[in-house]
Amino acid sequence: MKKIVILISGRGSNMQAILEAQLPLTVAAVISNDAAAGGLVTAQKHGVATAVIDHRAYPDRAAFDRALSQAIDAHAPDLVVLAGFMRILTAGFVEHYGGRIINIHPSLLPSFTGLHTHRRALEAGVKVHGCSVHFVTPELDHGPIIAQAVVPVLDGDDEDALAARVLAQEHRLYPQAVAWFCAGRLTITAAGTVELNAPPDQHGALVSPALES
Ligand code: GAR
């Protein structure tokens, strides 16, 4: 059985979705950079070991990343899963986990990298928005995309309504992507794209607003 370590900074609802998806894998540990992260309590309730590596206790990013990777590597995971982990990671850290570290981002990458994605989507007036799971590379929010889920942006949406609609899809998408990785079904091509080594079950398109028949 493959082993994963999940990194969180806060609420941990994506972590919870992975824990509750009953995937054929072992969650070896949940690690947070913040002792106040609500997700730590959720992980403990699920019987998962937790640890805190507080970034404020280290003089710089490199020192924090060294401590973090020591804590991760103690579990020898096959995959590191960033689930709302809100620290920028050094290139050395990311390269150490090359091809076995993934992230979920609340936008349809490459649009809206960085923060405040829902507000920026509303300001841009896009009609569809969503979330992306991608391999992590040193450039923030730019790694090879594994899977995306799309939601409509509805008239009258505010940031909270749109965030909630996207988050519901994050909770479906991330466990699926983790399961694909752990089943050995993801290949990063020479061109830097990701292939799923068997076709997905559905090839439907989403068009928003819906087309009229
Ligand atoms: C999620 O929406 C996730 O996509 C986002 O933070 C939230 C964490 O929620 N991640 C990023 O913005 C990373 N750049 P959660 O703690 O409830 O999973």
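What the table shows:
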{"read-out": "Cα-based shape type of the range 1-121, given that a ≥ b ≥ c are square roots of the gyration tensor eigenvalues and the cut on a/c is 1.5", "value": "rounded"}
{"read-out": "Cα gyration tensor, the range 119-201 - rounded (a/c under 1.5), prolate or oblate", "value": "prolate"}
{"read-out": "Calculated P(r) of the range 61-160 - Cα pairs past 23 Å, %", "value": "33"}
{"read-out": "Extreme residue, positive dipole direction of the chain, given options GLN176, ALA74, LEU122 (C-beta unit charges)", "value": "ALA74"}
{"read-out": "Amide H contacts under 5 Å for LYS2, placed H, 5+ residues apart", "value": "THR26"}
{"read-out": "Per-residue ³J(HN,Hα) for the range 60-67, Karplus 6.51 cos²θ - 1.76 cosθ + 1.60, θ = phi - 60°, Hz, x for Gly and Pro", "value": "7, 4, 5, 5, 4, 5, 5, 5"}
{"read-out": "Table column - 3J(HN,Hα) (Hz), the range 43-59, Karplus curve with 6.51, -1.76, 1.60, x for Gly and Pro", "value": "4, 4, 4, 8, x, 9, 5, 10, 8, 10, 10, 7, 4, 5, 8, 10, x"}
{"read-out": "Which of LEU108, TYR58, ALA36, positive extreme of dipole for the range 1-125 (C-beta unit charges)", "value": "LEU108"}
{"read-out": "Vicinal HN-Hα couplings computed from phi for the range 175-189 (Karplus, 6.51 cos²θ - 1.76 cosθ + 1.60; Hz; Gly/Pro x)", "value": "x, 5, 5, 4, 4, 4, 4, 5, 8, x, 9, 9, 10, 8, 7"}
{"read-out": "Net +/- balance of residues flanking ASP60 in space, Cβ distance below 13 Å, scoring K and R +1, D and E -1", "value": "+3"}
{"read-out": "Assigned charges on the beta-carbon of Lys, Arg, Asp, Glu; the range 85-213 dipole about Cα centre (debye)", "value": "360"}
{"read-out": "Solvent exposure of the range 123-213 as accessible area per residue, Å², 1.4 Å probe", "value": "58"}
{"read-out": "CD proxy at 222 nm, helix term only [per DSSP H run n ≥ 4: -39500 (n - 2.57); per residue of the chain; nearest 500]", "value": "-9500 deg cm²/dmol"}
{"read-out": "Unit charges on C-beta of K, R, D, E only; dipole of the range 36-97, Debye", "value": "240"}
{"read-out": "Positive-end residue of ILE188, ALA149, GLY47, charge dipole of the chain with Cβ unit charges", "value": "GLY47"}
{"read-out": "Residues with amide H under 5 Å from that of ALA147, placed H, sequence gap 5 or more", "value": "VAL133"}
{"read-out": "Diffusion coefficient, µm² s⁻¹, Stokes-Einstein with Kirkwood Rh over alpha-carbon pairs of the chain at 20 °C and 1.002 mPa s", "value": "120"}
{"read-out": "Choice from ILE102, ILE188, ILE72 with maximal GNM fluctuation in the chain (Cα, 10 Å cutoff)", "value": "ILE188"}
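The values are calculated or read from the model by the stated rules, or taken from the named source; none is laboratory data. Bear in mind the structure is a predicted one, so any value in this text is a computation, not a measurement. Positions of Cβ are backbone-derived with ideal geometry, glycine not excepted, and every protein chain shown enters the neighbour counts. Heads up: the accessible areas ignore ligands, DNA and RNA and are worked out on the full protein's heavy atoms, side chains in. Shrake-Rupley method; radii C 1.70, N 1.55, O 1.52, S 1.80 Å.
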